[in-house]
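The values are calculated or read from the model by the stated rules, or taken from the named source; none is laboratory data. In this text the structure is predicted, and so the values were computed from the model without any measurement. Cβ placement follows ideal geometry from the backbone for every residue including glycine, while neighbour counts extend to all protein chains displayed. These area figures cover heavy atoms from the full protein model, side chains too; ligands, DNA and RNA do not enter into them. Shrake-Rupley method; radii C 1.70, N 1.55, O 1.52, S 1.80 Å.
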Amino acid sequence: MTSNQPVGPWVRPVRLGCGLLLFAYLVTHFTNHAFGLVSLQAMEEARLWFLALWRNPIGETALLGALLAHWLLGLWLIYRRRTLRMPMWEATQIILGLTVPPLLAYHVVGTRVANAMYGSEDLYTRVILGNWVQNPASGVLQAGLLTVAWSHGCVGLHYWLRFRAWYGRVFPALLAFFVLMPVLASLGIAEAAREVSELAHQPDFARRLLTATRAPSTEQMATLAQVRDGLVTMAWVLLAVTLVARIVREQLSWRHLTIRIRYPDGREVPIPVGWTVLEASRSALIPHLSVCGGRGRCSTCRIRVAGDLALTPPAPQEIAVLQRIGAGPDVRLACQLRPIRDLAVTPLLSAIRAAATARAPRDTLAGRERQVAVLFADMRGFTKIAENKLPYDVVFLLNRYFEAVGSAVAEAGGIANQYTGDGVMALFGVNTNIETACRQALLASGVMIRRVEDLSRELENELPAPLRIGIGIHAGAAVVGEIGYGDTHYLTAVGDTVNTASRLGALTKQYGCDLIISELVSEQAGLGHMDFPHHEVTVRNREAPLKVVIIDAVRRLADHLALAGTTM
Ligand code: FES
């Protein structure tokens, strides 16, 4: 949950434990429903096992306690929130959770409460007759409860487990379970409802059933309705009181000491003492990554703290996360740090900006031969960099890297059409001539290298060594077209030109330089004579050696480009 005041360390684990118990209850309840696919009789027999598990002093106490604790602690966490700005998934999860208690009142009063107050037996046959055959509107309400409670549980489980290293492997199976369980339960109910409606055609069936199960009388129904309405009202009133209380508390907190959080772009955000840095960012709408929603688990909100290190010390959980990523002493988690005086911070992982995507015209779909410049770039030593990082850190690093190189390509007029591992392939000349294409590719390469250096500086405390890339550029004929299947197509090029560019990119490692271009690229770009080393290299599937230029100082390339009329 983003943006909370400090809560007791027991609150979240207790709430989680209660949530898990409630989810287990749902699974057994839905499994019981699914027995309807076998027969109404099987459903009733399975219900006896279900009751043996849950309708006993221990089961009921645990269930009721978990329900109350999960709900009330949820309200408590809402009260403690400093701001209601939060990611969409989190808002959805909270709304689903708050909808459960009122819907549950309808279900539980008609079954367990009626049983406790009047000894009514809530057999499936009677409940389905009442809710689905005689009063379908009530059945729709029950279906709503089923959907809301299950969705709340699944979203909660997903966001709890997604940081586990093994989660990706089990996710497909878990997703299938998340989808199949309510579907089977609904089909079980539908099939049982069909059986019950057939039975209801028998003369006197309904009357005999209601008598045998001691169904509540009209007066008793009225009393139960009062109980139900009381519970529903109580649920909404408690929520309203929670919201009003937090508004009052927030108003009061601004009357006390406020401090200022300063960001790298010069913005200063005033906050009351007690807010986290993440809350400061959120309140000022400053993009700030927080993948785990401010629970101190993911480290994506981390910041470098300038100057004042006399801060409130990190809690054990924050220390554990910071140690896991090998953070320096000036790095803290923004979602956990509550400054007590003015502070300058630098978010270390910027929120990802949507990268501009370039689309090729549709006439390329069938493929055509064109003169293009092809650029390949690879991040050096990426495997080693990724070795000691958490999976989402690797993903963020890659996204920042792709953002840096992809934007350079797009700004120069090219199309970054393939991202594989830590490599990028870009095409220039799809809509222009080869001379322009070569100049664009060279321009992009210089900007890419500069941006990767900037990124490296920004993340210097997070990286074992500065980031470096190796770029190869070649030009010539290639078949350009869209490939793919179904709705997924992307523009690519095939042919010797592409293979050669890829080979030049790989050679940068051998030559220890950032950029290798073929002489053809240099000529087409109009660079004239360049005082960089020239070599001949052999390329697979190419008989004659290829003349290449080893660019060991990209800044000097800028001078040549300027002379050729292109600014890097
Ligand atoms: S948002 Fe995940 S650790 Fe701060």
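Under a straight-distance cross-link criterion of Cα-Cα below 16 Å, which lysines are reachable from Lys509, leaving out those fewer than 8 residues away in the same chain?
Lys384
Give the value in nm², to one decimal: projected area of the alpha carbon convex hull of segment 85-242, averaged over all directions.
With the hull built on Cα positions only, its mean projection is 11.8 nm².
Which value, in debye to the nearest 20, describes the size of the charge dipole of the chain about its Cα centre when Lys and Arg Cβ atoms bear +1, Asp and Glu Cβ atoms bear -1, and nothing else is charged?
For this selection, approximately 1480 debye.
Can you give the accessible area of Val183 in Å² (nearest 10), computed on protein heavy atoms with a 1.4 Å probe?
Probe radius 1.4 Å; accessible area of Val183 about 70 Å².
Can you tell me the dipole magnitude for segment 169-230 around its Cα centre, using point charges on the Cβ only (Lys, Arg +1; Asp, Glu -1), in Debye to the nearest 20?
Using only the charged Cβ atoms, the result is roughly 180 debye.
Out of Ala410, Val179, Thr508, whose Cα points farthest toward the positive end of the dipole of the chain (charges: +1 Lys, Arg; -1 Asp, Glu; placed on Cβ)?
Val179
Tell me whether segment 112-155 comes out rounded, prolate or oblate; compute the Cα gyration tensor, take square roots of the eigenvalues as a ≥ b ≥ c, and use a/c under 1.5 as the rounded threshold.
Oblate.
Rounded to two decimals, what is the ratio between the C-alpha radius of gyration of the chain and 2.2 N^0.38 Å?
The value comes to 1.31.
Residue farthest toward the positive end of the dipole of the chain, with Cβ of Lys/Arg at +1 and Asp/Glu at -1: which of Ala437, Ala114, Leu22?
Ala114
Considering only protein heavy atoms, what per residue accessible area in square angstrom results for the chain with a 1.4 angstrom probe?
48 Å²
Quick one: of the DSSP bridges fully inside the chain, what percent are antiparallel, nearest 5?
90 percent
Once you order the gyration tensor axes a ≥ b ≥ c over the Cα atoms, which shape class does segment 158-224 get: rounded for a/c under 1.5, otherwise prolate or oblate by comparing a/b with b/c?
It is oblate, given that a/c is not under 1.5 and a/b is not larger than b/c.
In the neighborhood of Trp54, defined by Cβ-to-Cβ distances under 13 Å, what is the net charge if each Lys or Arg adds +1 and each Asp or Glu adds -1?
With Lys, Arg at +1 and Asp, Glu at -1, the neighbours total +1.
Tell me, what is the 1.4 Å probe accessible area of His158, in Å² to the nearest 10?
Surface open to solvent at His158 totals about 50 Å².
Rank these by accessible area, largest first, 1.4 Å probe: Phe376, Phe171, Phe30.
Sorted descending by solvent-accessible area, the residues read Phe171, Phe376, Phe30.
Whenever you get a sec, line up Lys389, Lys547, Lys509 from highest to lowest accessible area (probe 1.4 Å, protein heavy atoms).
Lys509, Lys547, Lys389
Report the local net charge at Tyr392: Lys and Arg +1, Asp and Glu -1, summed over other residues whose C-beta lies under 11 Å from its C-beta.
Every neighbour counted, the sum reads +2.
First check a/c for segment 414-557, with a ≥ b ≥ c the square roots of the eigenvalues of its C-alpha gyration tensor; if it is under 1.5, answer rounded, and if not, answer prolate when a/b is larger than b/c or oblate otherwise.
Oblate, because a/c is 1.5 or more while a/b does not exceed b/c.
Rounded to a whole number, what % of the accessible area of the chain do carbon and sulfur atoms account for, probe 1.4 Å?
Carbon and sulfur atoms account for 62 percent of the accessible area of the chain.
Around Gln202, under 13 Å between beta carbons, what's the net of Lys plus Arg minus Asp minus Glu among the other residues?
-1
For segment 64-135, with only Lys/Arg (+1) and Asp/Glu (-1) charged at the beta-carbon, what is the dipole magnitude about the Cα centre, in debye rounded to 20?
420 debye
If you fit an axis through the alpha-carbon atoms of helix 136-161 and take the longest principal axis of the Cα set of the chain, what angle between them do you get, 0 to 90°, nearest 10?
Helix 136-161 and the main axis of the chain meet at about 40 degrees.
So, taking all protein chains as they sit and a 1.4 Å probe, how much accessible area belongs to His256, in Å² rounded to tens?
For His256, the solvent-accessible surface is approximately 130 Å².
Using the Cα centre of segment 196-264 as origin and beta-carbon charges of +1 (Lys, Arg) and -1 (Asp, Glu), tell me which of Ile259, Leu224, Val237 is placed farthest towards the positive end of the dipole.
Going by the Cα projections, it comes out as Ile259.
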